[in-house]
Amino acid sequence: MSSSLTDKALRILAKLVGRGNSLLSADKAEHLRASMQRCGVGGNIDPTVTVMDPLGLSVGNNVFIGADCFIHAEGGVQIRDNTHISRRVTIYGSDHDFRAEARLPYGKTRSWRQVIIGRNVWIGMNASILPGVTIGDGAIVAMGAIVSKDVQPGEIVASAGQRTIGQRDAAITVAADDADAYGGKNGQPLSPAQVATQWPTAREREPRIVFVASTGRSGTQTLGNWCNRHPQINGQHEPRRQLIKWSTELDEGKIDKAEATALIRDLYLDGSVYDPAKIHLESDQKFYNLIPILQDALPNSKFIWLVRQSPKVVASVIGRGWYSQEAENFQESKNPWFREHWRVQGNLTSPAVEGFAAMSQFEKCAWYWAHVNRSIEAAFDGLPENRKLLVRLEDLSDQADDIISFAGAPPHSIPVTQENKAVHGRHKTEAWTSEEHQIHEKWCGEIMDRLYPDWR
């Protein structure tokens, strides 16, 4: 083969390899976007970006995240509109809680402290953002800075000691409502046409949103994923990691309603953007005690109470290892540490459950089912009829049309298929002792009679 033909073949091969790499990079970036809590439009996330636990990450419109950035989003990270994050920036929404366990160099648990990065922020190359930090709108973080405390709007900070070296002109720091002046990912102003394509926050325009509250092990993933197959619904299952911590801390009195309300309103109203063409459905076992807060924050939101018979749920969660004291159980070995770490404890709720710590695993699981469903039932009593729908998992296929209609979408022809089937053992009713039957009756009997009149 002549050298000219060889050169031509190599050029063609190089083009094919480059095209293949571009397609792989685009596919990786799109997969990352799809796996996030929320992600707006018009931005650019480099395919070399690494995100740990993307369900903790919410990204706004027109956000640029450069090459080799690392984001640990387990405890929650919000990056709001028009922010530019340069190369090799690290952002941590949690850290190892080395004080919690007597292990070296540290234990398995982490301290969750959400990071919020405001609108129009510029973060320079090699900067590090530590857990719990809020960076205000229009601020600049200089190259290599280590940010360990809050940065005020428009503030310019630099160096490892986070020294404030200046303040941006207030006239340049873009106001939240001055959308047409926002700088793009390369600092260029956006055209009115570009601004018009951006997705609004819920504070700017309330989205059509439906919340599915349940106990877990009751079809929340099945319902969320089934609704997501509808062309007009964005269905998500447990998309917001922060709720795992906040919901339990509210129930246990570690944060009060005012603090929980502030966190929820910030997350849903300011920390997320929503496709206005879609109905948004979020299905999560952690909504059970957040319904009053959500209904006030989003006055047009709707709520589905998804319930499954208590014997089935108790059998499943025991097999999964909820409230287990055994070191080698399914929950301990197959699931992230934070699930059981923030499993609500009855001795810390109000009113507290007497003797909860000494209860068997079976009794704690029965209590949990009753506690969650009673909380949802009480919240539903305060909702108008057009904002609530009770769905029994056992009747899910029969109620499918009602669910889609309630959400506000046209009929959905795709059949409901079960997902997240149990891959662990179950403590089925035929194996229950007479004492366990009595315990189940004590905690679950009364509410089961209301939800399933013929269950006995």
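Tabulated results
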| quantity | calculated |
| --- | --- |
| Boolean, E259 is within 23 Å of N225 (Cα to Cα) and of a type in the set (D, E) | no |
| Those residues of segment 290-313 which are open to solvent by 30 Å² or more (accessible area, probe 1.4 Å) and not in a helix (DSSP H, G or I), in sequence order | P299, N300, K302, R308, Q309 |
| Test: residue in segment 217-231 that is crowded, with 23+ Cβ neighbours inside 10 Å, outside any loop (DSSP other than H, G, I, E, B) and hydroxyl-bearing (S, T, Y) | yes |
| Residue match in segment 182-194 (condition: out of contact with any Leu (no Cβ under 7 Å at 6 or more places or on another chain), at pLDDT below 80, open to solvent by 80 Å² or more (accessible area, probe 1.4 Å) and in a strand (DSSP E or B)) | yes |
| Filter pass, Y92 being among the hydroxyl-bearing types (S, T, Y) and more than 18 Å from M52 (Cα to Cα) | no |
| Residue match in segment 154-164 (condition: within 21 Å of Q242 (Cα to Cα) and open to solvent by less than 20 Å² (accessible area, probe 1.4 Å)) | no |
| Test: G235 is within 30 Å of S310 (Cα to Cα), under 17 Å from the mean Cα position of the chain (by Cα), at pLDDT below 95 and not hydrophobic (A, V, I, L, M, F, W, C) | no |
| Candidates L389, L393 - the one that is within 17 Å of G224 (Cα to Cα) and in contact with a Phe, Trp or Tyr (Cβ under 7 Å, 6 or more places away or on another chain) | L389 |
| Count of residues meeting criterion [more than 16 Å from the chain's Cα centre (by Cα) and either under 19 Å from T197 (Cβ atoms) or not hydrophobic (A, V, I, L, M, F, W, C) (or both)] in segment 42-91 | 22 |
| Selection status of I91, among the aliphatic types (A, V, I, L, M) and within 24 Å of S191 (Cβ to Cβ) | no |
| Qualifying residue in segment 339-346 (condition: surrounded by fewer than 18 Cβ atoms within 10 Å (Cβ to Cβ) and under 14 Å from the mean Cα position of the chain (by Cα)) | yes |
| Count - residues of segment 347-362 that are open to solvent by less than 30 Å² (accessible area, probe 1.4 Å) and either hydrophobic (A, V, I, L, M, F, W, C) or outside any loop (DSSP other than H, G, I, E, B) (or both) | 4 |
| Where I135 falls short, out of the listed (1) open to solvent by less than 20 Å² (accessible area, probe 1.4 Å); (2) under 17 Å from Q242 (Cβ atoms); (3) of a type in the set (V, I, T) | (2) |
| Unique residue being open to solvent by less than 40 Å² (accessible area, probe 1.4 Å), farther than 25 Å from K257 by Cα and not in a helix (DSSP H, G or I) when the list is S316, S324 | S324 |
| Residue list for segment 374-424, restricted to those being open to solvent by less than 20 Å² (accessible area, probe 1.4 Å), outside any loop (DSSP other than H, G, I, E, B) and under 19 Å from H237 (Cα atoms) | I376, V391, A400, I403, I404, A407 |
| Count of segment 195-216 residues which are under 30 Å from G66 (Cβ atoms), among the polar types (S, T, N, Q) and crowded, with 17+ Cβ neighbours inside 10 Å | 2 |
| Search result, residues across segment 87-132 that are over 19 Å from E155 (Cα atoms), open to solvent by less than 40 Å² (accessible area, probe 1.4 Å) and of a type in the set (K, R) | R110 |
| Residue in segment 255-265 that is charged (D, E, K, R), within 16 Å of L389 (Cα to Cα), open to solvent by 10 Å² or more (accessible area, probe 1.4 Å) and over 13 Å from the mean Cα position of the chain (by Cα) present | no |
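Table: residues versus (1) of a type in the set (D, E); (2) out of contact with any Gly (no Cβ under 8 Å at 6 or more places or on another chain).
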site: D256; (1), (2): yes, yes
site: T261; (1), (2): no, yes
site: D266; (1), (2): yes, yes
site: K278; (1), (2): no, yes
site: N289; (1), (2): no, yes
site: P292; (1), (2): no, no
site: D296; (1), (2): yes, yes
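The values are calculated or read from the model by the stated rules, or taken from the named source; none is laboratory data. Quick caveat, the model's predicted, so the values are computed rather than measured. Please note: Cβ atoms are built from the backbone with ideal geometry, for glycine as well, and neighbour counts cover all protein chains shown. Heavy atoms of the whole protein, side chains included, go into the accessibility calculation; ligands, DNA and RNA do not. Shrake-Rupley method; radii C 1.70, N 1.55, O 1.52, S 1.80 Å.
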